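Peer 1: To start, I am sharing the structure in question, which I have written as structure tokens.
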Amino acid sequence: MIVSAWGRAESVGKVKTMRAHQAKKSRVRLWPLAQLVLLGACAPGAVIGLRPEYPPIGQLFGKTGYDFVAVDSLQPTFRWEAFPRKQDLAAAKEGVLGGLTAVTYDLQIWRAGYTVQYPAERVYAKQGLAETSYRIELPLAPATRYSWTVRARFLVNGEPRVTEWSMYEWEDARLRHPFEELFPSPRYFRFITPAQ
């Protein structure tokens with residue numbers, strides 16, 4: 001059983017990041033080699049942060065490696081779920097998100113690196129988006145692999161907060177990378193642009 005609620009706030013500059021805490025009950029203790037195997041394991045469809053709607057979720061580790069979902073345009077329209085979500089509203093009943101106002105979204109797009117695992121170069125960033133969809137203004141390069149992520153930015157009792165950047169969830173939350181707030185994550189959602 002996984003239990004999630006918005007809780008602890010961590011400061012990033014003058015903005016606090018709200019993390020979704022997860023408690024996972026398990027009767028099996030994994031030995032170290034199994035933990036190494038799980039480093040790449042991802043539960044199908046499991047995400048941290050806001051769930052993407054388009055491009056849709058691909059599999060982090062498919063049969064041929066990382067799946068990059070094909071988009072229909074060099075200027076795709078990105079869509080994601082709205083904040084606050086059902087689980088956020090449940091946390092708000094407990095007073096955690098009391099006084100929630102001014103929700104906007106931040107979007108980032110990264111060109112995939114040569115190793116494909118890590119985003120190499122941020123090619124697009126937009127803050128303060130009022131809607132849960134956005135069509136980028138400039139065309140991306142054709143037949144190119146990209147990663148993308150989105151987060152919510154909001155006020156709680158007048159204090160600025162952000163959610164975590166959206167990405168695939170590791171099967172075991174203890175195996176998350178400790179520097180994800182500082183560097184782009186290899187778990188951002190992936191897509192590939194059409195040839196023309």
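Peer 1: Filter the GluC sites (Glu not before Pro) in the range 78-164 to those in DSSP coil with at most 11 other Cβ atoms within 10 Å of their Cβ, and list the result. Please report the intermediate quantities before stating the final value.
Peer 2: On the way: sites: GLU81, GLU94, GLU121, GLU131, GLU137, GLU164; in loops: GLU81, GLU94, GLU131, GLU137, GLU164.
Passing both the DSSP loop test and the Cβ count: GLU94, GLU131, GLU137.
Peer 1: Please order TRP165, TRP80 by the number of other Cβ within 10 Å, starting at the fewest.
Peer 2: Working: TRP165 21, TRP80 26.
If I rank by nearby Cβ atoms, fewest first, I get TRP165, TRP80.
Bear in mind that the values in this text are calculations on the coordinates, not laboratory data. Please read all numbers here as calculations on a predicted model, not as lab measurements. Virtual Cβ from ideal backbone geometry, glycine too; neighbours counted across all protein chains shown.
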